[in-house]
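One structure is given here, and the rest of the page talks about it.
Bear in mind these aren't lab numbers, they're just calculated from the coordinates by the rules spelled out. Everything numeric here is computed off the predicted structure, so don't read it as measured data. As a convention, Cβ positions derive from the backbone with ideal geometry for all residues, glycine included, and neighbour counts pool all protein chains shown.
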Amino acid sequence: MTPPPSLIDAFVSARPFRTFRSRALIFGLAIALMAVLAVFPERYRAAVTLTPTDPQSLGLSGTLGQLGAINNVFGNQAAVEIALRVSKSVQVREIVISRLNLEKRLGMSRLELHRYLEDRVDQRSLRGGIIQIEMTDRDSTLARDVVAAYSSAMQSRLAEISQSQTTYKRNVLQQLVTEASTNLARAQATFDAFRLKNGAPNPLSNVDVVSMRIPQIEGTIKAKQVALATARKLYTDDNTVVQQMLAEIEALRVQLVQVRERNPDVSTTVGSAVATSSALFKLERDLNVQRALYDSYLKFLQGTAVENLTSTANIRILEPPFIDTDRQIWWPAAAVSLALLLIWGMIEFYRQRPPVGSSLDPVVP
């Protein structure tokens, strides 16, 4: 029993493919047409290569570090991935359409232009953190203008994001600087009031006086005791000289006891000196803390101004927009041409070696 003819058998034995001349004419013309379409009309490839930058590559890392502006507003995220995401965003396409006036130039609607750019413009990352934006079109001027507008729009969009983050940080820092300035003024007023209360520009001078007075009195007492011992060798205790020395030594001992008094309410005493120094150190410490906070916040606030100035330096153009000198091939047409060649070869092979039961198989008597 003869099996029914297959789909391939029906295709190969179709009327247009019965003679080699007809097959050669059909496939030869189709292959030649696709081959011509692969290279004509001529297509141009426009491209631009760029890379994200940072303060270190600008040579400003030291200056920005001193001003507290060394950190990237995007944190630790990969700069290449962020730049690619931004370049593929709707906002960037809007900027490109507006700058090149593509609605009038190409005669398309806004939505059609978005689809056109998304389909025709290719953005990809290369090795070494390099980003390439390319477009292939029959109009070389249009292709170069589009990739140039993409690189410029991506730079503008990244700068806009950076500036918005810097503005938010500047507003926070301005509030912190205002609060720190108020606290610094309050701490300075309290410190000055304490100095006025003690009647000295530097209350620590009174502490130094008390600290020096104790050893002075002790030294004077020892000297008087030596003189008293010498006088007793010459005079009796009833002598006026001896009595005067004893009175002086007693008065000095009273003074020493008074100086060593721990009561903080009594001036020119150890207790008063300790209380004064403790209060002064506390007020001075609070003043230094408020001054350090104010200086730190002010430095960071100044750094936001530098961040704004360097926000547009987020992209470095490695290769300006250029037209590739290599002739561009339209690969869909080339693929169709190759597919037609394979199909022709399959048909010829099938006709040379038809399977058993094929309509091309010669009938055995």
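Brief remarks follow.
- Rounded to whole Hz, the Karplus (6.51, -1.76, 1.60) HN-Hα couplings of segment 122-139, x for glycine and proline: 10, 10, 8, 9, 9, 5, x, x, 9, 10, 10, 10, 9, 8, 10, 7, 6, 9
- When each of 93, 157 is scored by the number of other beta-carbon atoms lying within 10 Å, the sequence from fewest to most is 157, 93.
- Order of 168, 150, 297, 350 under a 10 Å beta carbon neighbour criterion, fewest first: 168, 350, 297, 150
- Listed from fewest to most Cβ neighbours within 10 Å, the set 282, 169, 104 follows the order 104, 282, 169.
- Between the beta carbons of residue 317 and residue 292, assuming R0 = 35 Å, the FRET efficiency works out to 0.25 to the nearest 0.05.
- Rounded FRET efficiency, nearest 0.05, which uses the C-beta distance separating residue 160 from residue 122 and R0 of 25 Å: 0.55
- Subtracting the Cα-Cα distance of residue 88 and residue 334 from 0.36 nm times their residue separation leaves 85.7 nm of extension gain.
- The residues neighbouring residue 303, those whose beta-carbon lies less than 10 Å from its own, together hold a net charge of +2 under the Lys/Arg +1, Asp/Glu -1 convention.
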